[in-house]
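**Q** Below you will find the structure I want to go over with you.
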Amino acid sequence: MARAAQAFSALGAVVRNENIRRVELAWGAAIGAEWAHFVALGVYAYEQGGASAVGLAGLVRLLPAAALAPFAASLGDRYRRERLLLAMTLLGCVALAGSAAAAFAGERVLVFAFAALVGLSSTLIRPTLQALLPSLARTPEELIASNGATSTIESVGTLVGPLVAGVLVAVGSTGVVFVVGSAALLVATALLARVNVKGRITFTASAEEVGARRMAVAGFRAVKNDPNARLVVALITAQAFVRGCLNVLIVVAAFRILHGSAADVGYLTAAIGVGGLIGAFGAMTLRGRRLAVPFGLALVFWGLPIALIAPRPYFAVALVLLAIVGAANSVEDVAGFTLLQRIVPDEFLTRVLGLLWGLAMGAVALGSIAAPAVVAVAGPRPALIVVGSILPLLTVAAYRRLVEIDRTAVPAPGLELLEEVPMLAPLSIAAKERVAASLVPLFVPSGRVVIRAGDSGDRFYIVNDGELNIDAGGLHSTAGRADYFGEIALLRDVPRTASVAAAVDSHLYALQRDDFLAAVTGHSVAHAAGQEVAETRITQTGRERLQGATLHDGKPYS
């Protein structure tokens, strides 16, 4: 019950964040349209040229996206990500409309050509969305909840998109599915047009990085030079390979092991989606600091149930085992992508995620090719055991590294303290992590002066522990844990208005003037909160001086 309450609370935080709510609703429309297009394209291709045409359609849909994603995704690190997400959604909308027109006109080549554009759009929407979320979420927990919502919505889209496509194909035609998919993406476009990231720092590419190819190479280098990022990307790519194998093995298991029908293929696939919904709900309760080990355990439960289908060839058992795979997939998605959002510097994030999705698309294609070969050589049941053993074995081999990631790749010290500073609380988690990384820890022994009235302001201070005395023109107050001072001189560009000295040995965090101003003035809500705090303190100090009073509210004035 406690975990359920925690999950609902996390989901409520996502819903209350207006920008995240719009992005997630748009994602729901996009993923539903993607899966509807996948089903309709397969039906259209089979009607036009049989099984070989279906294979060609999949190739056309996957390969261009896999090849172009790492390069096109670099645009998300050069321009505003919400605009790139809007552009990719609009591209998918237009491509699906073109697919519908081509299908109604009987232009098979054009249907396949537009399928390549739909595949490219779908592939780029994912990394752009995942790179955008840290700039919209305000806390680590909200970011995990957002990733959980993304995974939940993907599971729903995996169920609803094919179902709607199946109904529309049965009562209409594939062209109708393309029209409905285009309409869904049009709604997504309208939602994304209202998303605005506040306070995002725009990264300027160096001379060596100008151009999509060079920027993409910088993304490759960011993964290559970071062993933690390299490991997470490698494990997610391995999971994508197993997913490609599973796409084939589900069909093989349905007919040759479980002795079922074509309908059973659909039921087995749907079991993964149902498990994904349950897993995504549970993934929202993940703790914000330790994610690498849950990520590894999810990979174990991604593969192990596949191997267990072989010795127990019962349909009901297979449904349960594949539901476990779906649940593990959701946990793996949330933990893995949150880890990357934490590990990879924000200026490289879209490129790295684009690279990852390109590798994942290629790995799915390779898995789809490898699985039939394994079945041909070893047989259906051994093939399930071989494929199901890949991820558990890789996880065991990498377990110590995953533990080390949990030890080292944690939010910067001082991040939680920023939540208690009113002018910094509205910042996104990405902005807060940049601020936290810039904080300078200071030890101030008892009696030492931190700032003097009349001096120029060069830093903003937050008290981590201890106690400090503040003298604002003869008016006295104290500062303790989570109190802060120094903002007036920085925001108003005036000399210090108070002197602050340590009453006992104290630990502070200092933020340089430029870092403070970049964070606060770049975010309208944070800037307004900062100005309000400064105005309130100046006004209250003036009032207290007039009354000859002494301040004892514990809030410093400087």
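The values are calculated or read from the model by the stated rules, or taken from the named source; none is laboratory data. Since the model is a prediction, treat every value here as computed from it, not as a measurement. Cβ placement follows ideal geometry from the backbone for every residue including glycine, while neighbour counts extend to all protein chains displayed. Heavy atoms of the whole protein, side chains included, go into the accessibility calculation; ligands, DNA and RNA do not. Shrake-Rupley method; radii C 1.70, N 1.55, O 1.52, S 1.80 Å.
**Q** Which far-off residues, 5 or more places away or on another chain, put their amide H under 5 Å from the one on Gly260, with H placed in the peptide plane?
**A** Those qualifying (amide H under 5 Å, at least 5 residues apart or on another chain) are Phe255.
**Q** Right, something else. Would you kindly find the accessible area of Leu439, with a 1.4 Å probe and non-protein molecules such as ligands, DNA and RNA excluded, rounding to the nearest 10 Å²?
**A** Rounded to the nearest 10, that gives 20 Å².
**Q** Let me ask another. Got a number for carbon plus sulfur as a percent of segment 321-400's accessible area, 1.4 Å probe? Mind showing how you got there, number by number?
**A** On the way: 2100 of 2780 Å².
It is 76 percent, rounded to a whole number.
**Q** Separate question: Can you tell me which of 496-509, 304-317 comes out highest on packing, and rank the rest after it, using the mean Cβ neighbours within 10 Å?
**A** Listed from highest to lowest mean packing, they are 496-509, 304-317.
**Q** Can you work out the Karplus-derived ³J(HN,Hα) for every residue in segment 327-338? Use 6.51 cos²θ - 1.76 cosθ + 1.60 with θ = phi - 60°, whole Hz, and x for glycine or proline.
**A** Listing the rounded values in order: 5, 5, 4, 5, 5, 4, 4, 5, 5, x, 6, 5 Hz.
**Q** Using the Cβ atoms and a cut-off under 14 Å, what net charge is assigned to the surroundings of Ala371, where Lys and Arg are +1 and Asp and Glu are -1?
**A** Numbers: positive: Arg243, Arg256, Arg381; negative: none.
That sum, taken over residues with Cβ under 14 Å, equals +3.
**Q** Say R0 is 51 Å: what FRET efficiency, to the nearest 0.05, do Ile385 and Arg194 get from their beta-carbon distance?
**A** 0.55
**Q** Could you give the length gained on full extension between Val15 and Ala503, defined as 0.36 nm per residue of separation minus the Cα-Cα distance, in nm? If you can, show how the numbers build up before the last one.
**A** On the way: separation 488, 0.36 × 488 = 175.68 nm, distance 4.40 nm.
This chain segment gains 171.3 nm when fully extended.
**Q** Related question: Kindly report the accessible area of segment 269-373 per residue (heavy atoms of protein chains, probe 1.4 Å, no ligands, DNA or RNA), in Å². Please report the intermediate quantities before stating the final value.
**A** Details: 3410 Å² over 105 residues.
Using a 1.4 Å probe on heavy atoms only, each residue of segment 269-373 averages 32 Å².
**Q** Less than 15 Å Cβ to Cβ from Asp226, Lys/Arg counted +1 and Asp/Glu -1: what total charge do the surrounding residues give? Intermediate values should be presented prior to the final figure.
**A** On the way: positive: Arg221, Lys224, Arg230, Arg342, Arg351, Arg401; negative: Asp346, Glu347, Glu404.
Every neighbour counted, the sum reads +3.
**Q** Let me ask you something else. Set the Förster distance to 41 Å, then compute FRET efficiency between Phe255 and Ala67 from the Cβ-Cβ distance, nearest 0.05.
**A** Efficiency, from the Cβ-Cβ distance: 0.80.
**Q** Skipping prolines and chain starts, which residues have an amide H placed within reach, meaning under 5 Å, of the one on Ser506, given they are 5 or more residues away or on another chain?
**A** Those lying under 5 Å, H to H, from Ser506 are Val444, Ser446.
**Q** Counting just the Cα atoms, what span does segment 451-527 cover along each of its three principal axes? Round to the nearest Å and put the largest first.
**A** Its Cα atoms span 35, 25, 18 Å along the three principal axes.
**Q** Could you tell me the accessible area of Ser122 in Å² (1.4 Å probe, neighbours in place), rounded to the nearest ten?
**A** 10
**Q** Ordered by packing density, taken as the mean number of other Cβ atoms within 10 Å over each peptide's residues, highest first, how do 333-339, 476-482, 38-44, 232-238 rank?
**A** 333-339, 38-44, 232-238, 476-482
**Q** Further, regarding this structure: Per residue, how much accessible surface does segment 418-539 expose to a 1.4 Å probe? Answer in Å², no decimals. List each step's numbers first, then the result.
**A** Values: 4820 Å² over 122 residues.
Counting only protein heavy atoms, the per-residue value for segment 418-539 is 40 Å².
**Q** Additional query: Can you give the FRET efficiency for Val109 and Tyr79, using 1/(1 + (r/R0)^6), R0 = 30 Å, r = Cβ-Cβ distance, to the nearest 0.05?
**A** 0.40
**Q** Let me ask another. Rank these by accessible area, largest first, 1.4 Å probe: Asp406, Asp455.
**A** Descending order: Asp455, Asp406.
**Q** Count the net charge of all other residues whose Cβ sits under 12 Å from the Cβ of Val494, scoring Lys and Arg as +1 and Asp and Glu as -1.
**A** Net local charge, Val494 excluded: -1.
**Q** Would you kindly state how much longer the chain becomes between Thr539 and Phe220 on full extension, computed as 0.36 nm times their sequence separation minus their alpha carbon distance, in nm to one decimal?
**A** Numbers: separation 319, 0.36 × 319 = 114.84 nm, distance 5.31 nm.
My answer for the length gained is 109.5 nm.
**Q** Ok, one more. With a probe of 1.4 Å, find how much accessible area segment 71-112 has per residue, and write the answer as a whole number in Å².
**A** Spelled out: the 1.4 Å probe surface of segment 71-112, per residue, equals 44 Å².
**Q** Determine how large the accessible area of Lys198 is when every protein chain is in place; take a 1.4 Å probe and give Å² rounded to the nearest 10.
**A** 90
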